[in-house]
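Working notes for the structure below.
The values are calculated or read from the model by the stated rules, or taken from the named source; none is laboratory data. Everything numeric here is computed off the predicted structure, so don't read it as measured data. Here Cβ is always computed from backbone atoms with ideal geometry, including for glycine, and neighbour counts include all displayed protein chains.
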Amino acid sequence: MTDRELIEGCLKGDAQCEQLLYERFSPKMFALCLRYGRNREEAEDILQDGFIRVFRKLHTFKFEGSFEGWIRRIMVHTALKLLKKSSNKNEFSNLDEVRGEKVESRAVTNLSEQELMDLINSMPEGYRTVFNLYVIEGYKHNEIAELLDIGESTSRSQLLKARKFLQSALKHLQMMLI
């Protein structure tokens with residue numbers, strides 16, 4: 001069944017189409033939710049809330065561009081809304097520019113996907129959120145600033161701090177490999 005057929009079925013209230021749509025997109029969206037949530041349970045909440053929004057807003061999808069991208073955007077916004085509710089904004093303020101240390105590529109290539117995800121998830125929430133939005137989702141700093149209600153310079157600083165955090169963690173792992 002194509003995405004269009006699934007969407008049209010969902011719009012007609014077909015429960016089987018709703019289930020198929022969820023099954024088709026939930027694994028990728030759950031991976032996205034895991035990047036934003038502090039733990040698995042929070043990621044599951046984001047996924048559930050996100051799909052509720054997907055189904056509520058499905059009538060607004062105009063069949064222009066990627067349907068998966070449309071769902072992804074809803075999931076990101078759902079995650080950010082949850083983070084704003086539970087987040088401490090102090091994490092985003094008064095940050096200095098940071099220069100990262102060089103890490104040998106061998107340390108990165110020896111990491112499994114799960115180990116890399118664990119490193120990203122171990123970052124403070126502000127770093128992780130900006131890192132995900134900028135590096136993985138492709139948002140620009142001005143967009144991140146608007147989404148998170150922070151300054152562009154804060155977004156840049158958070159990204160630099162996130163990179164430094166990851167570089168430090170990778171350097172530590174590299175030393176353990178030697």
Worksheet item: Only one of Leu82, Leu20 is on the phi < 0 side of the Ramachandran plot, in a helix (DSSP H, G or I) and at pLDDT below 95; which?
Response: Leu82
Item to complete: For Glu18, state whether it is free of Cβ contacts under 8 Å to residues at least 12 places away in the same chain, farther than 26 Å from Lys85 by Cβ and of a type in the set (D, E, K, R).
Response: no
Discussion item. Any residue in region 56-67 that is assigned by TED's automatic domain parsing to the domain that holds Thr78 and in a helix (DSSP H, G or I) sitting within a Cβ distance under 8 Å of a residue that is among the charged types (D, E, K, R) and surrounded by 10 or more Cβ atoms within 10 Å (Cβ to Cβ)? List the pairs, counting only those 6 or more apart or interchain.
Written reply: Phe67/Asp3
Practice prompt. Count, please, the residues in region 32-54 that happen to be surrounded by fewer than 14 Cβ atoms within 10 Å (Cβ to Cβ) and in a helix (DSSP H, G or I).
Written response: 4
Discussion item. Return the pair list, or none, for Cβ contacts closer than 8 Å from residues in region 121-133 that are under 18 Å from Asp149 (Cβ atoms) to residues that are in a loop (DSSP other than H, G, I, E, B) and among the charged types (D, E, K, R), at least 6 apart or on different chains.
Written reply: Glu125/Arg38
Worksheet item: Assuming Gly138 fulfils every condition listed in (1) surrounded by 14 or more Cβ atoms within 10 Å (Cβ to Cβ); (2) at pLDDT 70 or above; (3) closer than 21 Å to Cys33 by Cα apart from one, which condition is it?
Response: (1)
